[in-house]
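This report refers to the structure that appears directly beneath it.
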Amino acid sequence: MAKLSFPVGPQHPALKEPENLRFSVDGELVVDADIRIGYVHRSIERSCSERNYVQDLYLCERVCGICSNAHTQAFCQAVEKIAGVEIPERAQYIRMMMHEFERIHSHMLWLGVAGHEIGFETLFMYVWRDREVIQDILEMVSGNRGHYAMTMLGGVRYDITPEMVTKIREGIAFLRQRAEHYADIATTEATFLKRTVDVGPISGARCQTLGAVGPVLRGSGVGYDVRRAFPYLKYDEVEFEVRTSELCDVLGRTLVRVLEVIDACDIITQVLDMMPEGDITTRFPRKVPEGEATARVEAQRGELIYYVRSNGTDVPERVKIRTPTLANLPASLEMVTGGYIADIPITFASIDPCFSCTDRMVVLDDVNSGDSRTMTWPELVKLGRRS
Amino acid sequence: MTASELIEQIQAQYGGELTEANASSEVEVWVGVPAVDVQKMAQYIVDSWAPVHLSTITGNDRGAHIDIIYHFVADGVSLNLRAAVDKAVDAIDTITPIVPAAIMYEREITDMFGVTISGHPDPRRLVLPEDWPEGDYPLRRDDSGAEEGEEKNG
Amino acid sequence: MQVLTPLFHMLIFPGFLFLVAFGLFASWVDRKLIAKFQNRVGPPVMQPVADLVKLMAKEDIIPEHANRVMFAVTPLVALAGVIASIIYIPLWAPAAVNAFEGDLIVVIYLLTLPAFALFLGGWYSANPFATIGATRVLTQLFGYEVPFFLACLGPAVAAGSWSISEITHAQADGLWLVTAAPVSFIVAMIALIGKLERVPFDTPQAKTEVITGPEIEYTGRRLAVWKLTFLTETIVGSALIAALFLGGPHFWGIPFASMAPWLAGVVGMIVLGVKILLIVFFLSLAQAALARLRIEQMVQWCLLWLGIPTLINIGVIVLMMRQVGV
Amino acid sequence: MARNLGIAAMAMELMESLLLRKPATVMYPIERLSPPERFRGRLRYDPSECSLCGLCQRDCPADVIKVVRKRVEKEDGTKEMTGHLEFEMDRCVFCGQCAYSCNKGSITFTREFELAQGSRDLFMMKSESANVDDEECDVDTDVVP
């Protein structure tokens, strides 16, 4: 069969967000892969330098719906570093807890999606059913199932009450047990193994060269975890293991994620034990002194880095966001090349791609018309309000 | 390795050429070099502390020049390498052959700031559409992006 | 009357109308079961009907670069093949509407038609996903068709006939042939999953890979015809396996011979219906418990784990026949 | 062999779901769940305590709130500030920052979550007027609340 150009996206059931992947295929084999991003630009970096810090907090939260807490955490971390504000201990523990809650919910979401990509719908249904437990906890603690608005400049918004602690402990115990069950399934279900073992192979050294981060890197045996490498919040006080896997394939990444769910449960238990009483917020100046700072956070998908530069006003001069998916894209293209067409969805899913994160930036462009133009805000408003 | 040790090493090697060198914390270092020295510096970093992780490349329009900041992680220290690109020159050497992870980030810089990355192996657009007008760079403050007439937030 | 009777058999009972009605019901059972397996609620009983009506009402589009004739004709050929084959399968005691020595071969051939039609329909749709899906249909055909044929051979050899009615009749009083050819039975069930393109062998239609593959360009009525094809094929395929291995409409202790013909017919139908639903249960269970295989894994696995054991099973049957018969 | 154990375990779980478990689905309009206490639903504004300081407008990330102030001189010569708030609720992202910023407790979020409306106009809300006797708002605008 002649070489065929095989498009995946911008609209494709395997991708939950619009992005265009182009593959050259020879029969069932992928010989070349390329990616075109930029379908979901939302001007976030530019907008950040046009709003005040409080507004930016919510803007950054909306870079991604799944890792929203990681984004606010990174943003606050950078701004607090510039302002020289130390947040209260209790707030740090609560932030840490939110961070780990989010890791559990994201990894479980991913496991379900992975099941869906390989046609294992039952796994998807079961994992998402169990994920409701963590969603309920998040809703109970923050009032929302996503975009929690929990992390504030100078602390956190809500406190944890003793009744909540009981409920969290119950939920976490259940989730831990389920995560162990899914770890079993992932390592023993024959069809699941057939679709994940030796699929999307990439070596640890190659991952490092291409700048991959998070479970992709750790799934190839490199133990880089920001929580250990650059401890933030109170991560240097809790015990956890940086999970790695030497398998270097989709199964390796799956196992790293499932084991991280178990670890996250343990971290939350430790946090609940260690959490001191006290304030949850501190006064935070509206005008942040001039300066610059970077903040690295281990989001669920990997290292998330923020660069913030302030100029002494209440509006930041520059906010730069680099999401884990962008860092993982070069590695993912290398993973699919040489594999089967059938493995494209699961291999791409194995980096837990989030294209909305990747694209966050600038352009508002009418793709359909072909002629590119920037829409002005009033035009957009008009378009959006056509009722 | 601590931040101060890292600075000492770099200064011992390139003391006179650095435009800045200071540690903002025990694990974070800010180093500035002239834009022409970027390749040399990247090579030095990779040779000295491999495997080096490049987190990202930040661009920032500072008026007369554009700051390009390379955020490395070298041997457990966050190493931020700053190069100021004069707007009159508007170009900087690629570091992709030395640090392959830079490939996407350098394309992003070209898209957003119009800084030419000389020698980049794949100089296509990354996030902007192919037919985006030349010379219109969204994150530049001077000539492009949102115009004054556009409402900020409503 | 002589003209009308075959027409009645073709279009109403046990042909088109009955098959579609029972197919829709079985499809509801299937969906409900999967939902229950997955801890969901599942659709109401009329949902498959509603889906079908919705599809019928939708706009019918033929892609610009598609071959119009092939595109339009293939779904009808597929459906016709499936409906024609029901004529030869005994739905009630004692025999099928039409039976002759060798009808087993005809049915197996007719049941292969949908796959070929699907391949052609996909190939002429002028869409890369359809093309890849179509090639997968053919590749997969080699994986399951040979084991399926070999598996059907087992009961035929054991019963000493190439007529499905004869084979069923041979099980009326004695043991079901599943006891003589257990491996063939399991293989036939697995091959049926391949024929129906269900998980784990739904590679040609894989939603997340090739977006329903050959069917991708089909809309409205034509898509409805494809859906009907697979609905009815589920029934026909299950009925065939029930007839060959599970005694068709027969059940121990039910004296069909001493009943009034109409009563025997009704009871036979009910027995067979239950057996078909049991096979559907197996299909649902497989769908819920397994992930989709890759095409090359599927072919390799089928030929190794289905083909060879069936051959051995047939060998054993032949040896036993020699021992007993000669 | 371990591989087939996985399938067996899965099949067991499937049968358990089929025979023993109640569906996890909540049959929504018939069966209702109550949102938790901290849930941020419909916004409620109480003008009686409002000082029209404008912090909510300043901090709202979606630019939902507009504070309209008017200074009127009464007949007896004293000044009074009056005004009202306008909400474009279709843009609200329910972050709750306005309620958090407000130190009078004038804005709260209820637990009501069924907020769909037939037309955009129904989302445009104009509050009753709020009157402030003391002219200046006593708010430290240099600190993030």
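The values are calculated or read from the model by the stated rules, or taken from the named source; none is laboratory data. Just so we're clear, the structure is a prediction, and the values are computed from it rather than from any experiment. For neighbour counting, all protein chains shown are included, and Cβ atoms are generated from backbone atoms with ideal geometry for every residue, glycine included.
Below, the figures for the structure above:
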read-out: Test set (1) loosely packed, with under 11 Cβ neighbours inside 10 Å; (2) at pLDDT 85 or above - B:Asp143 fails condition number; value: (2)
read-out: Single condition A:Thr337 does not satisfy, out of (1) at pLDDT 55 or above; (2) surrounded by 20 or more Cβ atoms within 10 Å (Cβ to Cβ); (3) in contact with an Asp or Glu (Cβ under 7 Å, 6 or more places away or on another chain); value: (2)
read-out: Pair list, Cβ under 8 Å, 6 or more apart: the range A:191-205 residue away from chain C (no Cβ under 11 Å) and touching a residue at least 60 places away in the same chain (Cβ under 8 Å), other residue in a loop (DSSP other than H, G, I, E, B) and aliphatic (A, V, I, L, M); value: A:Ile202/A:Ala212
read-out: Complete set of residues in the range A:141-181 that are within 11 Å of another protein chain (Cβ to nearest Cβ), free of Cβ contacts under 8 Å to residues at least 40 places away in the same chain and of a type in the set (Ser, Thr, Tyr); value: A:Thr161
read-out: Test: residue in the range C:242-255 that is free of Cβ contacts under 8 Å to residues at least 40 places away in the same chain and buried (at least 23 other Cβ atoms within 10 Å of the Cβ); value: yes
read-out: Any hit, the range A:51-69, residues being more than 14 Å from chain D (Cβ to nearest Cβ) and outside any loop (DSSP other than H, G, I, E, B); value: no
read-out: Residue ID - farthest from B:Ser25 (Cα to Cα), chosen from residues in the range A:235-244 that are within 20 Å of the chain's Cα centre (by Cα) and surrounded by fewer than 21 Cβ atoms within 10 Å (Cβ to Cβ); value: A:Arg243
read-out: Test for A:Val226: is it within 14 Å of chain B (Cβ to nearest Cβ), buried (at least 23 other Cβ atoms within 10 Å of the Cβ), under 19 Å from the mean Cα position of the chain (by Cα) and hydrophobic (A, V, I, L, M, F, W, C); value: yes
read-out: Count - residues of the range A:333-349 that are part of a helix (DSSP H, G or I), within 12 Å of A:Val31 (Cβ to Cβ) and within 10 Å of chain C (Cβ to nearest Cβ); value: 1
read-out: Whichever residue in the range C:5-58 is touching a residue at least 24 places away in the same chain (Cβ under 8 Å) and in a loop (DSSP other than H, G, I, E, B) and, among such residues, is farthest from the other protein chains (Cβ to nearest Cβ); value: C:Gly15
read-out: Scan of the range A:113-145 for residues that are modelled with pLDDT of 90 or more and either within 17 Å of A:Cys354 (Cα to Cα) or among the β-branched types (Val, Ile, Thr) (or both), ordered by number; value: A:Val127, A:Val133, A:Ile134, A:Ile137, A:Val141
read-out: The lone exception for A:His12 - which of (1) outside any loop (DSSP other than H, G, I, E, B); (2) free of Cβ contacts under 8 Å to residues at least 24 places away in the same chain; (3) in contact with a helix residue (DSSP H, G or I) (Cβ under 9 Å, 6 or more places away or on another chain) it fails; value: (1)
read-out: Criterion (facing chain A (nearest Cβ under 7 Å) and either touching a Ser or Thr at 6+ places or on another chain (Cβ under 8 Å) or without any contact (Cβ under 8 Å) to a residue 24 or more places away in the chain (or both)) met by exactly one of D:Met15, D:Met10; value: D:Met10
read-out: Subset of the range D:52-91 (residues that are surrounded by 22 or more Cβ atoms within 10 Å (Cβ to Cβ) and more than 10 Å from every other protein chain (Cβ to nearest Cβ)); value: D:Leu52, D:Cys56, D:Ile65, D:Leu85
read-out: Qualifying residue in the range A:169-178 (condition: touching a Leu at 6+ places or on another chain (Cβ under 8 Å) and at pLDDT 90 or above); value: yes
read-out: Options A:Asp266, A:Asp236, A:Asp249; residue that is touching a helix residue (DSSP H, G or I) at 6+ places or on another chain (Cβ under 8 Å) and over 16 Å from A:Met98 (Cα atoms); value: A:Asp249
read-out: Selection status of A:Leu304, in contact with a Cys (Cβ under 8 Å, 6 or more places away or on another chain) and under 15 Å from A:Ser68 (Cα atoms); value: yes
read-out: Verdict on A:Val85 being within 11 Å of chain D (Cβ to nearest Cβ), part of a helix (DSSP H, G or I) and touching a residue at least 60 places away in the same chain (Cβ under 8 Å); value: no
read-out: In the range A:277-302, residue surrounded by the most Cβ atoms within 10 Å (Cβ to Cβ) [restricted to those that are within 12 Å of chain D (Cβ to nearest Cβ) and touching a Ser or Thr at 6+ places or on another chain (Cβ under 9 Å)]; value: A:Val288
read-out: Candidates C:Gln287, C:Gln323, filtered to the one that is free of Cβ contacts under 8 Å to residues at least 60 places away in the same chain and out of contact with any strand residue (DSSP E or B) (no Cβ under 9 Å at 6 or more places or on another chain); value: C:Gln323
read-out: Residue within the range C:202-216 that is buried (at least 19 other Cβ atoms within 10 Å of the Cβ), touching a helix residue (DSSP H, G or I) at 6+ places or on another chain (Cβ under 7 Å) and within 23 Å of C:Leu277 (Cα to Cα) present; value: no
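Okay, residues lined up against (1) farther than 21 Å from B:His53 by Cα; (2) at pLDDT 90 or above:
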| position | (1), (2) |
| --- | --- |
| A:Lys287 | yes, no |
| A:Glu290 | yes, yes |
| A:Gly302 | no, no |
| A:Tyr307 | no, yes |
| A:Ala327 | no, no |
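Conditions (1) facing another protein chain (nearest Cβ under 9 Å); (2) at pLDDT below 90; (3) out of contact with any strand residue (DSSP E or B) (no Cβ under 7 Å at 6 or more places or on another chain); (4) crowded, with 17+ Cβ neighbours inside 10 Å, marked per residue:
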| site | (1), (2), (3), (4) |
| --- | --- |
| B:Ala74 | no, yes, yes, yes |
| B:Asp86 | no, yes, no, no |
| B:Met104 | yes, yes, yes, yes |
| B:Asp136 | yes, yes, yes, no |
